[in-house]
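**Q** Have a look at this one before I ask anything.
The values are calculated or read from the model by the stated rules, or taken from the named source; none is laboratory data. Fair warning: this is a prediction, and the values are worked out from it, not measured in the lab. As a convention, Cβ positions derive from the backbone with ideal geometry for all residues, glycine included, and neighbour counts pool all protein chains shown. Please note that ligands, DNA and RNA were not included when accessible areas were found on the heavy atoms of the full protein model with its side chains. Shrake-Rupley method; radii C 1.70, N 1.55, O 1.52, S 1.80 Å.
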Amino acid sequence: MGTTLVFLLSGTLLAATPLLLAAMGELIVERAGILNLSIEGMMALGAVVGFATIMATGSHWLALGNQVATGIAVGILGLGLSGLIGKPYEGMTVAPMKRIPIPVLSEIPIIGPGLFNHSALVYLAPLLAVGLWWMLRSTRIGLIIRAVGESPESAHAIGYSVLMTRFLAVMVGGFMAGLAGAFIATVSATLWSDGMIAGRGWIVVALVVFATWRVDRLVIGAWLFGLATIAELLVQGAGISVPSQLLTSIPYIATIIAISILSMDGRKMRLNAPASLGRTYNSTA
Amino acid sequence: MMRLPWIVEPRIGRTGPRALLAPLIAVVTTVVAAVILMSSQGVAPSRAIWQLYVAPLSSLYNLSEVLLKMAPLLIIAQGLAIGFRAKVWNIGAEGQLLLGAIGGSLLPLWFNDSVNPMMLPTMAMCGMLFGMGWAALAAFLRTRFNANEILVTLMLNSIALQLLYYLVSGPLRDPYGFNFPQSALFPQVAMLPSLFGMGRANVSIIVALLATVAAWIFVERSMTGYKLQVGGVAPDAARYAGFREKRAVWLSLCIGGAAAGLAGVFEVAGPLGQLQRVVSPGYGFAAIIVAFLGGLNAIGILFAAFFMAVIYVGGDMAQASAGVPYAVNTSLQGVLLVSYIGARLFVDYRVRWRRDITQQGVN
């Protein structure tokens, strides 16, 4: 029982970290008014580049023009390129990133080894979330990002460059997605295989909607999704006879249900969603 | 906050020939990218061009492979384009295709010794209904709960794949198949008649061409097609004229789902001859690219589907003969759409340097 709990806690954190990292990037992008659907490809590219160099590298593209199509296109491109670059690495493994047990806290039974014995990025992700929350809420940069996402016309009128802000947001989003991909390849899986991102990028997009564009809910959501992933392994390990395909589908089904419930109250959804999300904006002056 | 040194402004009065510019630029860019990618894999540039773009057309057999790949792309893209014009973003054609393949497989698996000539038409209907039903889930959630159809159809893609895996490894697995995750082979009446004596092309390409004609008539000549387009271009005007948005969502998704479902049936009843884990090499996603590359225009899509099919076949052949990884294919598809969208930006908008404008003064 004890070991199962330790596995559950530490596995949840491990599975949630890449989701949280990428979702924070996507949150910034969407808050700036851009719907970036290329997370999957960016993560795949991040995974392979990260694997090849064992160093997190960001990847970024300018998402202007038709955002939906561009997102898909860059996503497909990223998946293809990652397959290409990664070909020579197929089946190789790397040493996992060093774990850093936190003194004192990691001594606590069950919770200690479960929560406080991880690689640095696992701790860093929630800290980054706090930073992101603070940045969006009470800094000048956060204000500009939100202004650009809510009303690009007004932001432009008071002299902020909408395109520049969005471009930078997409760069940050790409960097975070790349980091998440690299995390999966070098920390949680320690190997690279084609298709290893396995739809996590899409879950990230859904996660942001699930969190109604709020950082606090994003953290909770990421942990819930991490838990769902681990629960799948536990149920299989316990020999309960549920088709594994059904378990694999649970995060997707949960996402659809969550999106439906959250969108049902259209007014509330509109209040939370960045008003210009997915609309292209052209400055003509 | 720094300002960009250039501004982007819409071009006014876009004319016919210029509309062709973007797809042409995209095609050329893709060819160049192909040469670079293949060279990185150690293939000489001239050989790369030959492999990807000439070899697929060099013999009747290869040409029939191109037609075989073109058919599903063309059918799906025509269906999707109708929805895209109405700004209903169905990204779930891949899942709808899988459901179509599943639906189309039920009859030949249940009546495995059938010789009934109505088998194929019934399978086609069944597959279309399954694809439509899968898409209708997204339509229902969008119209009833306001759930974003992009995200829902995306999730449904993943769920459809898991459903297929479950069926071929469980309920629909061939009992005499040595435990391989695939169904029994279809009876002869469930197989599409082939088109030429040689090669694998079958009547699906004829159906795809008919679908193109139907799509053209629907979009250009029918009232419903017109309503859909108005709803996409000017939702407020459409509402004022009494065109209901919910109907547009339902119609768009059902047409797209039925088209993708039909393509799924054609895969299992054509080259595969059974239901297996891999039904489609990403036709559902590639068709999105085809729809855009064709300018959401029925005739444009015809050419786009042909070009995309050539890339598919060329990539397959390069993989077989030169050991180039299949990922080249996927990369080129991405390059194709990214460069198309990039080119559209420059065709639809003008980029001007700020410096020049200040010199001219405000105009």
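**Q** How big is D for the stretch B:151-227, in µm² s⁻¹ as a whole number, if Stokes-Einstein is applied with the Kirkwood radius of its Cα pairs at 20 °C and 1.002 mPa s?
**A** 130
**Q** Choose one of B:Ser339, B:Ala93, B:Val328: the residue whose Cα lies farthest towards the positive end of the charge dipole of chain B (beta-carbon charges +1 Lys, Arg; -1 Asp, Glu; about the Cα centre).
**A** Positive-most Cα among the choices belongs to B:Ser339.
**Q** Follow-up question, since we're still on this one. Taking every residue in B:159-165, how many Cβ atoms of other protein chains lie within 10 Å of its Cβ, on average?
**A** Mean partner shielding for this stretch: 5.
**Q** Would you mind telling me which residue in B:Asp174, B:Asp316, B:Asp113 has the biggest mean-square fluctuation in a Gaussian network model of chain B, where springs connect alpha carbons within a distance under 10 angstrom?
**A** Among B:Asp174, B:Asp316, B:Asp113, the largest mean-square fluctuation in the Gaussian network model of chain B belongs to B:Asp113.
**Q** Same structure again: Considering only C-alpha atoms, what is the centroid distance from the stretch B:243-317 to the stretch B:16-49, in Å?
**A** Cα centroid to Cα centroid, the span is 23 Å.
**Q** Can you list residues from other chains, or at least 5 along the same chain, whose modelled amide H is less than 5 Å from the amide H of B:Val324?
**A** B:Gln319
**Q** Longest segment of chain B with no chymotrypsin sites (Phe, Trp or Tyr not before Pro) in a DSSP loop having at most 15 other Cβ atoms within 10 Å?
**A** Free of exposed loop sites, the longest segment is B:197-363.
**Q** Please list, in chain and number order, the residues 5+ apart from B:Gly282 or on another chain whose amide H is under 5 Å from its amide H, with Hs placed from the backbone.
**A** It is none; the list stays empty.
**Q** Which Cα, out of B:Phe186, B:Met119, B:Gly104, lies furthest along the positive dipole direction of chain B (beta carbon charges, K/R +1, D/E -1)?
**A** With unit charges placed on the Cβ atoms, the residue in question is B:Gly104.
**Q** Please give the FRET efficiency for A:Ile158 paired with A:Arg214, using the beta carbon to beta carbon distance and R0 = 30 Å, rounded to the nearest 0.05.
**A** Rounded to the nearest 0.05, the efficiency is 0.75.
**Q** If you don't mind, there's one more thing I want to ask. At 0.36 nm per residue, minus the direct Cα-Cα distance, what do B:Arg200 and B:Val54 gain on full extension? Give it in nm, one decimal, please.
**A** Full-extension gain reported as 50.7 nm.
**Q** Order these peptides, B:228-234, A:249-255, by their mean beta-carbon neighbour count within 10 angstrom, highest first.
**A** Put in order of decreasing packing, that is A:249-255, B:228-234.
**Q** Using a 1.4 Å probe on protein heavy atoms only, how many Å² of accessible area do B and A hide from each other, summed over both chains and rounded to 100?
**A** Between B and A, the summed buried area is about 4000 Å².
**Q** Using only Cα atoms, locate the centre of the stretch B:80-152 and the centre of the stretch B:176-238, then give the distance between them in Å, rounded to an integer.
**A** 11
**Q** Okay, next question. Taking each pair of distinct Cα atoms in the stretch B:81-223 once, what is the resulting Kirkwood hydrodynamic radius in Å?
**A** The answer is 17.2 Å.
**Q** Mind listing the Cα extents of the stretch B:181-334 along all three principal axes, in Å, largest one first?
**A** 58, 37, 31
**Q** Using the Cα centre as the reference, give the magnitude of the dipole from point charges on the C-beta atoms of the stretch B:196-264 (Lys, Arg: +1; Asp, Glu: -1; all else neutral), rounded to the nearest 20 debye.
**A** So the dipole magnitude of the stretch B:196-264 works out to roughly 140 debye.
**Q** Can I ask one more? In sequence order, what are the phi-derived ³J(HN,Hα) couplings for the stretch A:172-183 according to the Karplus relation 6.51 cos²θ - 1.76 cosθ + 1.60 with θ = phi - 60°, rounded to whole Hz, with x for glycine and proline?
**A** Coupling constants for the stretch A:172-183: 4, x, x, 4, 5, 5, x, 4, 4, x, 4, 4 Hz.
**Q** Of B:Leu210, B:Leu109, B:Leu336, which has the largest mean-square fluctuation in a 10 Å C-alpha GNM of chain B?
**A** B:Leu210
**Q** While we're on this one: What average number of partner chain Cβ atoms lie no more than 10 Å from the Cβ of the residues making up B:36-43?
**A** Counting Cβ atoms of other protein chains within 10 Å of each residue's Cβ and averaging gives 1.
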